[in-house]
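To start, the structure under review is shown below, and the notes come after it.
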Amino acid sequence: MSSGTLLLVIVFLPFVGSFIAAFLRQDARNGAAFLAGSIALCATVLTAFQYPEVKDGGVLRLRTDWVPALGLDFTMRMNGFTWLFAMLVVSIGFLVALYARYYMSAADPVPRFFALLLAFMGAMLGIVLSGNLIQLVFFWELTSLFSFLLIGYWHHSASAREGARMALTVTAAGGLCLLLGILLIGHIVGSYDLDRVLASGALIRSSDLYLPTLILVLLGALTKSAQFPFHFWLPHAMAAPTPVSAYLHSATMVKAGVFLLTLLWPVLSGTEAWFYIVVTAGLCTLLLGAYAAIFQQDLKGLLAYSTISHLGLITLLLGLGSPLAAVAAIFHTLNHATFKASLFMAAGIIDHESGTRDIRRLSGLLRHMPVTATLAMVAAAAMAGVPLLNGFLSKEMFFAEAAAFHVDSLLDHSLPYFAMMASAFSVAYSLRFIHGVFFGEPATDLPRTPHEPPHWMRFPIELLVLICLLVGILPALTIKPFLSAAVRSVLGPDTPYYSLAVWHGFNEPLLMSVIALVGGILMYWLLQAHLAKGIEGPPLMRRLKGQRIFERVLVAVSWRGARSVERVLGTQRLQPQLRLLVAFAVLAAVWPLYQHGFEAGHHAGTEFDPAFLLLWVVGGLSAIGAAHQAKYHRLAATVLMGGAGLVTCITFVWFSAPDLAVTQLLVEIVTTVLLLLGLRWLPKRIEISGEGLTAGFRARMRRARDLTLSIAAGAGISLIVYALLTRPLPDAVSRYFVENSYDKGGGRNVVNVILVDFRGFDTFGEIVVLAVVAITVFSLLRRFRPAQESVQAPEQQQRQDAYDRTAPERALGDTLSDYLTVPGIIMQWLFPVIGMVAIYLFLRGHDLPGGGFAAGITMSIALVLQYMAGGTRWIEARLRVLPIRWMGLGLLCAAFTGLGAWVFAHPFLTSHFRYLELPLIGKMPAATALLFDLGVFATVVGATVLILIALAHQSVRSPRAARPPLSDRKPAVVQEDA
């Protein structure tokens, strides 16, 4: 297997594990943990084996065509920097999976937890190893989605739901900004390929679009990494289980933002705009996070604000724009992941074994948990920047860069003092973590008696703390080779000389470190009296809460603003919404006509055919009659609408479009039945208020308005069609399809070849939309009863109840005896006949009129007839049609048909055809597009049946769900509009 293919395996292996874990039994904690740990360990080993390929500046690539015409390729890319980040993701993921096995309760749905954790790991690997910026944004949004599900894992908790909602709102909004920024980068460079973008730094910085591009990209990165003023979501995300915090909020999700800033550092940095925006955001985050962390009473809250502060430190370093600052940023990213993940796990152990995370209740745990306490104290010292630990080395580099000259400004000159202040804050909150939890008299009012956890629960902390020590004592032998590979891949020829020695002599950074250490110790000693009062939250910041600002902004935007727009444009009725939509379309079409005028072409028209005119007179009268009867008789209006559709079908035949004619006829049949079922859901007509002449005048004005709008829209469409048909149109496109449908698509039916081959990507999107619409209709309608059923007279309700009690087997619809009528038997006998017609249309579709869509609609007609004969219970019980599975299998079949082209190095959905020699049959044409068409067929059938069940007010029973008692089941009753 090539190295490029291994990149694909590394990214998708966690997704495969997530899929498997989702189907495990909810009590299979050991199995789910073993699966997640094995997947993460395997990904770690595979990633580690790629190091020899990238250590000397090599780059591994795997490029597969996706939509080449739009410059969209599925590209995997690994260099020294992304290798280091990938190792961070998978190795800490393995340790978190091991830790979670002992942390998570057996009462929790643990397989779901590990399924989400593995899916998040895959999404994070997708960000790190993407070689296409659009692809990176896709995985970026996946991390927001899976982090939302992980933060809200304990959805019974209001704080978890609120934290998940806040995280998703902020990071998803930033993701949309990032998408816009990436689109601007692609517009400037002419490509979304990461290699081309990284080679176009001068072009991007000199572009007039540089500033909006920079702001949009920074909004995406700063929201993801919880930077000021978007930092408020991270502390609320601590409602998640501690393994989630140890993974997402120390090593992965919050690092995605600084990863992106580092990745695009060669392209976007080096300007004053970059310096002032990024440095200001990083500095504010560094100081505010460190200050707030000192006064937190919850251990995870303290660690959350310290995480915000350290992320601000990394952002500040990247904003300075110097190569040495970028080196320090990459180094501190790694160091922070190790000591912060171990601290989160230690906090989880304290909570797990003592029953609380409240610092006010914890003290003296060193006596009960000596090993865990020692590990936590070493990790906290690394966070504070104590010598001989890894945090000290990157902090020294930070001090050196803060003291260096970058831009002649007050902000640059004040950086050394702010750096020492923030470092003193970090010493103070680290001391609070150590002293407040592990020293003092042992607490006596804890919910549980604290003790050491199982060894394998503590093992991840032991390993991470050992790394902190080894890197701090022997940096040249441990981290330097990996850091050098990462730095060279980011900075290239601009890589500066830097030293990872523990001792650099008495210099300015060492003096700043000493001042910060002493100042932090003194600060904690002075604040002890205030902290002992147990006051929640930092002084001077209690009123300025990010959550409060977030809620007020959300209310202003989504409540007041949305309500104002709804009052102007919105309504609970469909007709006014359609009226606004059509009016806007008419105005949009009139505007260019007003500016440029209207001019018909010079092509001579075809000969006048009275028969065709008569045909459309019938169609027009049917349409007008449907509009008129809609006021009085909805059933008659539905029938007349079908007449207009039939005229349209004949028109397609007239103009030699048999595919369209077949599809139109089949769709008319199905939609007419569904509309008839939907009549009972329609509300009563709203009478115009008022009396006498006023009411009549308002009714006439409303009808005149609707008539005018409909005439304007119809006339406008007619003018557009007339203008097009009287002009010479280039036939290059149509000629291309006609000439290449057989040679390149393997079919003589040009329409079907276009749908499943040339424009297969569009068709795939359409069936996805069809499935989403069907599920939406079902979800909306299953919660409401038709008005007619809720207003039954008491005696009618009594008769219905007696019917249900005395004949429960009738409600099941499981026997033929309930439907032994001639029409019912005929409709049931027609099922195999219509099924054979559907198969015939499906198999012939590539060469003759037909195809997957037409066959799916035909099969749906067979199922509609079975409903009319026996109800939806018959479809479910006898025919075993589970529509959601049909749709799922159809979409998977279509998707895997497209993905199969990648195996042979062709773009997504590239089809292949050849002749097969079959026994007794001989040569038979076969195309892979047939499998794609099979997916279309299954999706259409599933969507139609699901809408049928929704309109019939039946619910789809899961095969695992218990069947309800017979007395609770009611027959489907179809009520027509009288």
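The values are calculated or read from the model by the stated rules, or taken from the named source; none is laboratory data. Just so it is clear, the model here is predicted, and its values are computed rather than measured. Don't worry about glycine lacking a Cβ; one is built from the backbone with ideal geometry, like all the others, and counts go over all protein chains shown.
Here are the numbers for this structure:
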{"read-out": "Unique residue being surrounded by fewer than 23 Cβ atoms within 10 Å (Cβ to Cβ) and either without any contact (Cβ under 8 Å) to a residue 40 or more places away in the chain or in contact with a Phe, Trp or Tyr (Cβ under 6 Å, 6 or more places away or on another chain) (or both) when the list is F138, F120", "value": "F138"}
{"read-out": "Residue that is surrounded by the fewest Cβ atoms within 10 Å (Cβ to Cβ), among those in the range 161-188 that are of a type in the set (V, I, T) and within 18 Å of L261 (Cβ to Cβ)", "value": "V170"}
{"read-out": "Among the residues listed as D408, D412, the single one being in the same structural domain as K340 (by TED's automatic domain parsing) and either in a helix (DSSP H, G or I) or in contact with a strand residue (DSSP E or B) (Cβ under 6 Å, 6 or more places away or on another chain) (or both)", "value": "D412"}
{"read-out": "Single unsatisfied condition, V437 versus (1) within 16 Å of I350 (Cβ to Cβ); (2) buried (at least 21 other Cβ atoms within 10 Å of the Cβ); (3) among the aliphatic types (A, V, I, L, M); (4) in contact with a Gly (Cβ under 7 Å, 6 or more places away or on another chain)", "value": "(4)"}
{"read-out": "Scope the range 624-678; condition closer than 19 Å to A611 by Cα and not in a helix (DSSP H, G or I); matching residues", "value": "F655, S656, A657"}
{"read-out": "Residue match in the range 716-736 (condition: of a type in the set (V, I, T), more than 27 Å from S656 (Cβ to Cβ) and modelled with pLDDT of 80 or more)", "value": "no"}
{"read-out": "The listed residue being in a helix (DSSP H, G or I) and either at pLDDT 95 or above or in the same structural domain as N390 (by TED's automatic domain parsing) (or both), out of L526, L463, L477", "value": "L463"}
{"read-out": "Only one of A901, A926, A905 that is at pLDDT below 85, part of a strand (DSSP E or B) and surrounded by fewer than 24 Cβ atoms within 10 Å (Cβ to Cβ)", "value": "A926"}
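To keep it simple, each residue is scored yes or no on (1) within 30 Å of R196 (Cβ to Cβ); (2) buried (at least 24 other Cβ atoms within 10 Å of the Cβ); (3) without any contact (Cβ under 8 Å) to a residue 24 or more places away in the chain.
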site	(1), (2), (3)
P235	no, yes, no
M238	no, yes, no
Y247	no, yes, no
L263	yes, yes, no
T271	yes, no, no
W274	yes, no, no
L302	no, yes, no
